[in-house]
Amino acid sequence: MLKMKDKFNSSVTAKVCCGLLAGMLASGNALGCACGCGVFDVGTSSMFPGGEGGMAFFQDAYQDQNRNWSGTSQAPAENNDDKEIQTHFLSVGLQYMFSKSWGVQAEVPYDFRYFKKLDDSGNIASRNWSQPGDMRVEAIYTGFFEDMSAGVTLGAKLPTGSHSFDSDFVDRDTQIGTGSTDILLGGFYRGSLTRDMQWEWFGQLQLDVPALIQDAYRPGLELDAAAGIDYEGFSIGRCRITPVAQVIFSERTSDSGANSANPVASGYQRVMLSPGIEFGFHPVRVYADAEFPIYQNFTGNQVAASVLFKVSVSFMF
């Protein structure tokens, strides 16, 4: 059994994080969008620390929210003044494990957003803008087991992104920044499904709790979780190819506060299926996935995306 643990740990150490936790490691609202942007922070088991050392990464995530959704089904577009929210979420990050028990991670986003809606005159109008998003900083503890198969994270989302761009046109829940300082609590666990250690399962979750707010606006509390499997038996030369399949669950409560909050059209529950693939050529790793909603329950009328995309490139040092 000890030999199996050692072999598993060696395999995991060879993996590079292709996207930070995103914290759930999920989640969160560094992306500042009431209609479910935080799901991008949930990733795969390759995000989990596997040994001492560091990892730097770049990630590009994209979604086009262009369908009006109410409750559990698509609704007529005329029921919603918001028509489309299209966003590229770019981010750079760093994770460093000082030992097999303790580490830190930080993520700095920069977002590009296009927003189209009916203006006060009833005409279609739009805005394009790009700004830094809300930075995330977290501490990592993985000292529960020798193989680092379980860990917890504790950190904060900082209000570094703007929440006041063209505020007469752009609602608070559509701003790139939330204006809040949030507490981030997360955890993960992974294990082997087969004796040859080629099939692995993993689970993770993160809770994002807004603590300090600005301008009488409180974004909803968000819970994100994921469970999945991956297979490490494919390779071409020195390049390891790892297919990944995961199920992602997200829930966000409605916004509140006197300033621009819209409790009747914010908050949701969502389940997504996410096939992905990872290419590893040490010390570089490339990961990509697509996330397809199979169940959505939105409060009021909100614009939703039919698919979400993510690509990450990481370097271990």
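The values are calculated or read from the model by the stated rules, or taken from the named source; none is laboratory data. The structure presented is a predicted model; accordingly, all values stated were derived computationally and were not measured. Neighbour counts run over all protein chains shown; Cβ positions are idealised from the backbone, glycine included. We work out accessible area using only protein heavy atoms, side chains counted, and drop any ligands, DNA or RNA first. Shrake-Rupley method; radii C 1.70, N 1.55, O 1.52, S 1.80 Å.
Residues being within 27 Å of S314 (Cβ to Cβ) and either modelled with pLDDT of 95 or more or part of a strand (DSSP E or B) (or both): count how many of those fall in the range 52-91. Number satisfying all stated conditions: 18. Filter the range 181-198 for residues that are over 18 Å from W102 (Cα atoms) and open to solvent by 80 Å² or more (accessible area, probe 1.4 Å) and give the result. Within the range 181-198, L193, R195 qualify. From the list G257, G280, the lone residue that is out of contact with any Asp or Glu (no Cβ under 6 Å at 6 or more places or on another chain) and surrounded by fewer than 22 Cβ atoms within 10 Å (Cβ to Cβ) is G257. Scanning the range 119-142 for residues that are among the small types (G, A, S) and at pLDDT below 95 turns up S121, G122.
Selection of strands (runs of 3 or more DSSP E) fully inside the range 113-185 by the criterion of at least 1 residues being farther than 24 Å from L221 by Cβ returns 124-132, 150-157.
Residues that are in contact with a strand residue (DSSP E or B) (Cβ under 9 Å, 6 or more places away or on another chain), farther than 20 Å from D64 by Cα and either open to solvent by less than 50 Å² (accessible area, probe 1.4 Å) or of a type in the set (A, V, I, L, M) (or both): does the range 163-171 have at least one? Yes, the range 163-171 contains a residue that is in contact with a strand residue (DSSP E or B) (Cβ under 9 Å, 6 or more places away or on another chain), farther than 20 Å from D64 by Cα and either open to solvent by less than 50 Å² (accessible area, probe 1.4 Å) or of a type in the set (A, V, I, L, M) (or both). Does S101 meet the test of being modelled with pLDDT of 95 or more, surrounded by 18 or more Cβ atoms within 10 Å (Cβ to Cβ) and small (G, A, S)? Judged against the criteria, S101 is not a match.
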